[in-house]
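Colleague: My questions will all concern the structure given below.
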Amino acid sequence: MSSASSSSGQDGVAPLADGPAPQPPSNPAGGSGRAEGSRRGGQAPAAPDVTAGSGAAGGLFGHRDFRLAFAAAAVSKLGTQISYLAVPLLAVTTLHASPGELGVLNALSTIAFLLIGLPAGAWVDRTRQRRLQIVTDLVRAALLLSVPLAWWAGALTLWQLYVVVLFTGVATVFFDVANQSFLPHLVGRDRLAEANARLVSLDAANQVAGRSLGGYLVQLLTAPLAIALDAITYVWSAVCLILIRTSDPVPARRPGRRLYQEIGEGLRFVFGDRLLNPLVLEAGLTNFAIQVYVTMLPVLFVRELGLSEGALGFFLALGGVGVFLGSMLARPLSARLGDARVMWVMGPLIAPAGFLVPLADHGPGVWLAGAAWLVITAKAGVDNVLKVSFRQRITPDHLLGRMNATFRFLMFGALALGALLAGALGELAGVRAAMWAGSAVLAAGWLRLFFSPLRSMRELPA
């Protein structure tokens, strides 16, 4: 399972061929503290015209390679969302995992972003990005397929599930960074907002369909067979990527540059920017809070409330509805209010909703919590269109991998930490106490944007 890319949190957008994540990611707002000329000087030649020979009237769907990328994401993300639910349910129902063990499992799915996220960005900038995505798709398919095979042989253990989730996460790190870095070459920088909106909408639709379907598939087929379906979708994704004709950009050789120097260059680009800096920190806090909820919800629904796996799938599917609505509203809101203003105003509007999620209970309580989840994930949908497109647009080609890796290091590292904290609090203080802690973090995260230059801006710098 690629929980990193299936989360409803920021940057959890659908990648070109996977599932979170992002994937058009969450694009942070970004005016830079650097001179504009220094950015232009580092950029590669403009991306090809995506409408050439394909009928511009059809938009990006008139572009063959984008259709292939979209087809890859459509199937692969559906499978990823099924595993998003099937993996923790397998741990809870078949392997009898405790809240603490479930926290470790969820943390392992994203901890790779903390362990290798930064060097992965530098490596991606040195390699052919489409080729790397194909390889990592096939690696993830093989890892996930080992779970139903071990279950069928009666040899499946929680430790094997830990290993599979960890190394699937490692492959996801490389896939996601390469995926986001390849998108500007595939569609052109001037079409990024359109591409991201379409892919985020697809991601949201798959969250609805995949999570609802995942709950029922676990009931009908068992969790291991549901995970096998996800493995097949990664193979589909790899085949679609192989058929794409847009060539991989040949990475520029930079003799004498050491890995740590290139990592530092990416860190300085993001954290030295007066707008990217607050945006990446706010996104990390949001992801931390959402992961606390996601980690505890299977225990709350299935074990404490005695609800079915299908009910849990329906609840999580509401997050997909929220992301879809947010992705549809992102550009109209940006046009009416200004993209910079939208980025911080959404925070205080959704903060109260976070305190309703821990109230999930039998009867009206679960519907109230579901409505709150819908609102929270709608903000993620807005962020995943506006913020990602911006950061991809302003970053020079030679820094795209490291910029994306820096964002993912912090945002998906926050998912790992959120899962670990949720598991620990769930063991020591109870499931609802862990969820209240997540609500407090969600309510405070937007303050980082409020006390930044975004508060006095309407539009982001071009």
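The values are calculated or read from the model by the stated rules, or taken from the named source; none is laboratory data. Predicted, not measured: the structure shown is a model, and the values here were computed from it. Don't worry about glycine lacking a Cβ; one is built from the backbone with ideal geometry, like all the others, and counts go over all protein chains shown. Ligands, DNA and RNA are excluded from the accessible area calculation, which covers all protein heavy atoms including side chains. Shrake-Rupley method; radii C 1.70, N 1.55, O 1.52, S 1.80 Å.
Colleague: I'd like the residue in the range 142-165 that is of a type in the set (A, V, I, L, M, F, W, C) and more than 20 Å from Leu105 (Cβ to Cβ) and, out of all such residues, is most open to solvent (accessible area, probe 1.4 Å).
Modeller: Among them, the one singled out is Trp152.
Colleague: Now for a separate question. Out of (1) modelled with pLDDT under 85; (2) under 22 Å from Gly319 (Cα atoms); (3) more than 13 Å from the chain's Cα centre (by Cα); (4) not charged (D, E, K, R), what's the single condition that is false for Ala437?
Modeller: (1)
Colleague: Filter the range 347-370 down to residues that are part of a helix (DSSP H, G or I) and open to solvent by 50 Å² or more (accessible area, probe 1.4 Å), then give me how many there are.
Modeller: Number satisfying all stated conditions: 7.
Colleague: Among the listed residues Arg245, Arg254, which satisfies the condition of being modelled with pLDDT under 80 and of a type in the set (Lys, Arg)?
Modeller: Arg254
Colleague: Here is a further query. If I ask for residues that are among the hydroxyl-bearing types (Ser, Thr, Tyr) and closer than 28 Å to Thr246 by Cα, which ones from the range 164-216 would you list?
Modeller: Thr168, Thr172, Ser181, Ser201
Colleague: Is it true that Ala440 is closer than 19 Å to Leu281 by Cα and open to solvent by less than 10 Å² (accessible area, probe 1.4 Å)?
Modeller: When the stated conditions are applied, Ala440 does not pass them.
Colleague: Picking from Leu68, Leu102, Leu60, which residue would you name as being at pLDDT 85 or above and either within 22 Å of the chain's Cα centre (by Cα) or more than 27 Å from Ala424 (Cβ to Cβ) (or both)?
Modeller: Just one listed residue meets the conditions, Leu68.
Colleague: Ok, one more. If the Cβ limit is 7 Å and pairs must be 6+ apart or interchain, which residue in the range 265-278 that is basic (Lys, Arg) pairs with which residue that is modelled with pLDDT of 85 or more?
Modeller: Arg274/Pro453
Colleague: What's the total number of residues in the range 403-462 that are hydroxyl-bearing (Ser, Thr, Tyr) and within 17 Å of Pro358 (Cβ to Cβ)?
Modeller: Within the range 403-462, the first condition is being hydroxyl-bearing (Ser, Thr, Tyr), and the residues that meet it are 406, 439, 452, 456.
Remaining after also requiring within 17 Å of Pro358 (Cβ to Cβ): 439.
Final tally of qualifying residues: 1.
Colleague: Okay, next question. Scan the range 419-436 residue by residue and report those that are of a type outside the set (D, E, K, R) and either crowded, with 21+ Cβ neighbours inside 10 Å or in contact with a helix residue (DSSP H, G or I) (Cβ under 6 Å, 6 or more places away or on another chain) (or both).
Modeller: Ala419, Leu420, Ala422, Gly423, Leu425, Gly426, Val431, Ala433, Ala434, Met435, Trp436
Colleague: Cβ-Cβ below 6 Å, separation at least six or inter-chain, first residue in the range 156-180 and closer than 17 Å to Val135 by Cα, second open to solvent by less than 40 Å² (accessible area, probe 1.4 Å) and of a type in the set (D, E, K, R): which pairs?
Modeller: Listed pairs, sorted by first residue: Thr168/Arg140; Ala171/Arg140; Phe175/Asp18.
Colleague: Next up: Every residue in the range 356-379 that is of a type in the set (Phe, Trp, Tyr) and over 22 Å from the mean Cα position of the chain (by Cα), please.
Modeller: Trp367
Colleague: Could you tell me whether Ala416 is crowded, with 24+ Cβ neighbours inside 10 Å, assigned to a helix (DSSP H, G or I) and of a type in the set (A, V, I, L, M)?
Modeller: The answer is yes for Ala416.
Colleague: Taking the range 175-206 as the region of interest, how many residues are buried (at least 24 other Cβ atoms within 10 Å of the Cβ) and either within 14 Å of the chain's Cα centre (by Cα) or of a type in the set (Asp, Glu) (or both)?
Modeller: Residues that pass the stated criteria total 12.
Colleague: For Thr168, indicate whether it is within 24 Å of Ala231 (Cα to Cα), open to solvent by less than 30 Å² (accessible area, probe 1.4 Å) and of a type in the set (Ser, Thr, Tyr).
Modeller: Taking the combined requirement at face value, the residue satisfies it.
Colleague: Turning to a different aspect of this structure: Are there any pairs, at least 6 apart or on different chains, whose C-beta atoms fall under 6 Å, with the first in the range 234-262 and closer than 21 Å to Arg64 by Cβ and outside any helix (DSSP H, G or I) and the second modelled with pLDDT of 70 or more and among the aliphatic types (A, V, I, L, M), and if so, which?
Modeller: From residues that are closer than 21 Å to Arg64 by Cβ and outside any helix (DSSP H, G or I), the pairs are Ile244/Leu68; Thr246/Leu186.
Colleague: Quick one: which residue in Lys387, Lys379 is basic (Lys, Arg), modelled with pLDDT of 85 or more and crowded, with 22+ Cβ neighbours inside 10 Å?
Modeller: That would be Lys379, the only listed residue that is basic (Lys, Arg), modelled with pLDDT of 85 or more and crowded, with 22+ Cβ neighbours inside 10 Å.
Colleague: Pick out the one residue from Phe324, Phe315 that is more than 30 Å from Ser456 (Cα to Cα) and in a helix (DSSP H, G or I). Spell out the reasoning first.
Modeller: Values: Phe324 fails: more than 30 Å from Ser456 (Cα to Cα).
Testing whether each residue is more than 30 Å from Ser456 (Cα to Cα) and in a helix (DSSP H, G or I) leaves just Phe315.
Colleague: Could you list, ordered by first residue, the pairs with Cβ atoms under 9 Å in which the first is in the range 140-153 and more than 11 Å from Ile227 (Cα to Cα) and the second is among the aromatic types (Phe, Trp, Tyr) and surrounded by 21 or more Cβ atoms within 10 Å (Cβ to Cβ), at least 6 apart or interchain?
Modeller: Sorted first by the residue in the range 140-153, then by its partner, the pairs are Arg140/Phe175; Arg140/Tyr234; Ala142/Tyr234.
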